[in-house]
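Remarks on the structure that follows.
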Amino acid sequence: MSRDLDLERLAEIPDPFGGAARPVAAAPPMPAGSPTRRDVRRRRAVAAAAVLVYEVGWLLVVEHRADLSELPGTSIAIGLLLPLVAAAVALVGCRVPGRRGLGAPVAWLLSLCVLPAALFALGTLATSPPDTEGHFWSLVVRCMGVTALLTAGPLALGGLVFRRAFAAASQWRTAALGAACGAIAAATMSLACRHSGALHVILGHGAMILVGGAVGALVLGRVTRA
């Protein structure tokens, strides 16, 4: 056997993958009008500003507590802080990307839908006086109706800006969004309603945290599903 190698004959060996090579397909173009990440951030910032205008506008145009100027600063701060903390907790369920960008686990999202209402109720019981006024249920029902209106605006805006935003667990994440909207409305009610009894605040102002979560899951879950 000859030890000489004829390197020129290497070109005669056929390439087994020669026929399989194909041009790499170009990435499909984005649909016309698809928002960029910058557009999404801008829309959500505008929606947040619109929610603030909606809630503050209610206080300026429709109603606010007649004794607001006489209340101590600590009382106002507590009335705002409790529901706003509850709203922040609920919003974690909407915004946390979770593993592989698919959001937090369902069990965690469930707790983020229930925990805001529990925090609000326990905090209210610890910081509010007992109920002493008459016509308890009529006042509660009236405030529930007002809080529902204050929840509806932010929830509608939330459904709009989070349209097709959740790739997984869309119902639970939208429920957390609804709970946050209800908590924001409860914060507004602390400046709109003069009745500060613990049970009145929990039922009349805080019930919409749970109702907003239920509406988010059952009504807007399909809208926010990617």
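The values are calculated or read from the model by the stated rules, or taken from the named source; none is laboratory data. Bear in mind the structure is a predicted one, so any value in this text is a computation, not a measurement. For neighbour counting, all protein chains shown are included, and Cβ atoms are generated from backbone atoms with ideal geometry for every residue, glycine included. Keep in mind that these areas ignore ligands, DNA and RNA; they rest on the heavy atoms of the full protein, side chains included. Shrake-Rupley method; radii C 1.70, N 1.55, O 1.52, S 1.80 Å.
The figures follow:
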{"item": "Residue satisfying all of: in the stretch 187-207; out of contact with any Leu (no Cβ under 8 Å at 6 or more places or on another chain) and not in a loop (DSSP other than H, G, I, E, B); most open to solvent (accessible area, probe 1.4 Å) among these", "result": "L199"}
{"item": "Test result for G178, open to solvent by less than 10 Å² (accessible area, probe 1.4 Å), within 15 Å of V114 (Cα to Cα) and within 12 Å of the chain's Cα centre (by Cα)", "result": "yes"}
{"item": "Residue ID - most open to solvent (accessible area, probe 1.4 Å), chosen from residues in the stretch 134-175 that are touching a residue at least 40 places away in the same chain (Cβ under 8 Å) and part of a loop (DSSP other than H, G, I, E, B)", "result": "R164"}
{"item": "Residues that are surrounded by 12 or more Cβ atoms within 10 Å (Cβ to Cβ) and over 30 Å from F166 (Cβ atoms), drawn from the stretch 40-75", "result": "L59, E63, H64, R65, L68, L71, S75"}
{"item": "The lone exception for L5 - which of (1) aliphatic (A, V, I, L, M); (2) modelled with pLDDT under 75; (3) open to solvent by less than 50 Å² (accessible area, probe 1.4 Å) it fails", "result": "(3)"}
{"item": "Qualifying residues in the stretch 77-114 (those that are at pLDDT 90 or above and open to solvent by 50 Å² or more (accessible area, probe 1.4 Å)) - the one nearest to M208 (Cα to Cα)", "result": "L84"}
